[in-house]
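Heads up: the structure comes next, in structure tokens.
Where a number appears in this text, it was derived from the coordinates with a stated rule and is not lab data. Here the structure is a predicted model, which is why all the values come from computation and not from measurement. When we count neighbours, we look across all protein chains shown, and the Cβ atoms used for this are built from the backbone with ideal geometry, even at glycine.
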Amino acid sequence: MNSDRDQLIERVREWLRENWDQNSSLLEWRERLVDSGWAVPSWPTEWFGLGLPAWADSVVAEEIKRIGAVGTPVGSGMSLAAPTLIEHASHELKRELLRATLTGATTWCQLFSEPGAGSDLAGLSASAVLDGDEWVVNGQKVWNTSAHHADYGMLLVRTNTTVPKHEGITYMVLPMHQPGVEVRPIRQMNRHSSFNEVFMTDARVPARFVVGTVNDGWRVARATLAHERSFATLRRPRFDSPDGRRGLALDEAELEAEKHFRTYVWYPQRAGRADLVIERAREMGRDRDPVVRDRIADLISFVKVNEWTAQRARAARALGRPPGPEGSLGKLAASEVARRCHRLHAIIAGAHGMLVDGPREHDATIAEVLVSTPAQSIAGGTDEIQRSIIGEKILGLPREPDSR
């Protein structure tokens, strides 16, 4: 594999030397990158790829980063929508939507959860009725990140009420910019507004925008959820040219990333900020407390074990294996990390943990941690759902009885 890797690196380096132009616009550069196949080299040649092994994606992405060039866009378009479309969409829908997603010309949001369904995603009630060559959609979705500026939504709706709940769901692409779609921001207890409610009133979806087949949306949704839980890290990319020069493409990429990651500014606090526990213990004079020291050792050990699990999952993805139940293990472990961090930060800070504008450097951050970590056990599928997946897919337990 090393010789194959070396040959691949030489190929992509040669192409980048001849084609990278930081003075072109971001869209112009990404169109050139996508048309060359280097944006997603593991994808089929028919769909903007080069048909290379899955490990090629990370190798090529590292080479693009190394010279200070720009890769594919950040966000749910590339992480969720694109891989779901490539696996399940019709040829017609791929032709219509994939290229603009890869270049960042269109953006996406996820429209799965509903206020009346809770963690039982298959209990959704938003409906779609076929009217000629369009579906008419009515219902409400909630916890929809980036819905306020997305062009398309990955939408789950009920299209058959006479069959078991998992069998009457259809996966569609909802055009967001239309009169029948209303987006309302949600004010969170940590003072951020990252999520939205989306109300659909006689919204229209072209019949060709069904992903997969009608009433088989649960299978497609599981693919999206697997990608969502696949140990992806939410890190803002750096756009640094080795020679220190900045061009239009880099400037526009920086603005794109800033807009996207503004929504997620509190996510490190949601995860618990394990990186701050030692510094915070010293700051508060608790670093010699034997109970605090024991809790810190316990937390850091657990974090390290979870990182190894994540590395195994990334290695499996590099070999071309689809996301599997290890995503649920990682999601469940992340929830436990957040809970342990919450308890430890509360022990270290005491009443100071309530200060949103305290005198110490990290007072405001810790206060945000304490009101944000509960979200970690809910976002991306609740802990209860992850345990069901682990029980069935890893431990071989019988399926939980479906509601009729």
query: Taking other Cβ within 10 Å of each residue's Cβ, how do 395, 80 sort, fewest first?
result: 395, 80
- prompt: How would you rank 158, 208, 286, going from fewest to most other Cβ atoms within 10 Å of each one's own Cβ?
  reply: 208, 286, 158
Vicinal HN-Hα couplings computed from phi for segment 118-133 (Karplus, 6.51 cos²θ - 1.76 cosθ + 1.60; Hz; Gly/Pro x): x, 7, 8, 4, 5, x, 5, 10, 4, 10, 9, 10, 6, 10, x, 9
message: My understanding is that a pair violates if its Cα-Cα distance is over 31 Å; which of 94/304; 65/304; 141/304; 165/331; 65/141; 165/393 do that in this structure?
response: 94/304; 141/304; 65/141
Contour excess over end-to-end distance, with Cα ends at residue 246 and residue 167 and 0.36 nm allotted per residue: 23.2 nm
Anchor residue 259: aspartates and glutamates whose Cα lies under 17 Å away (excluding residues fewer than 8 positions away in-chain): 151, 251
Segment 266-393: equivalent-ellipsoid semi-axes (sqrt of 5 x gyration tensor eigenvalues, Cα, Å): 30, 15, 12
query: Using a simple charge model, +1 on the beta-carbon of Lys and Arg, -1 on the beta-carbon of Asp and Glu, nothing else, what dipole does segment 284-404 show about its Cα centre, in debye to the nearest 20?
result: 460 debye
message: Check which residues have an amide H placed less than 5 Å from residue 153's amide H, if you skip close sequence neighbours.
response: 109, 174, 176
message: Name the residue from 130, 186, 161 whose Cα lies farthest towards the positive end of the charge dipole of segment 108-223, charges +1 on Cβ of Lys and Arg and -1 on Cβ of Asp and Glu.
response: 186
query: Among 161, 213, 107, whose mean-square fluctuation peaks in a Gaussian network model of the chain (Cα, cutoff 10 Å)?
result: 161
statement: Most fluctuating of 63, 252, 361 in the GNM of the chain (C-alpha, under 10 Å) is 361
Label-point separation in nm, residue 184 to residue 201, each point 7 Å along Cα→Cβ: 1.1 nm
Residue among 45, 118, 68 farthest towards the positive dipole end of segment 35-124, charges placed on Cβ: 68
- prompt: At what distance in nm do the modelled label points of residue 387 and residue 13 sit from each other, each positioned 7 Å from its Cα along Cα→Cβ?
  reply: 5.2 nm
message: Please check: in the Gaussian network model of the chain (C-alpha springs, under 10 Å), which one of 173, 369, 265 has the largest mean-square fluctuation.
response: 265
task: Within 10 Å of each residue's Cβ, count the other Cβ atoms and sort 50, 102 from fewest upward.
output: 50, 102
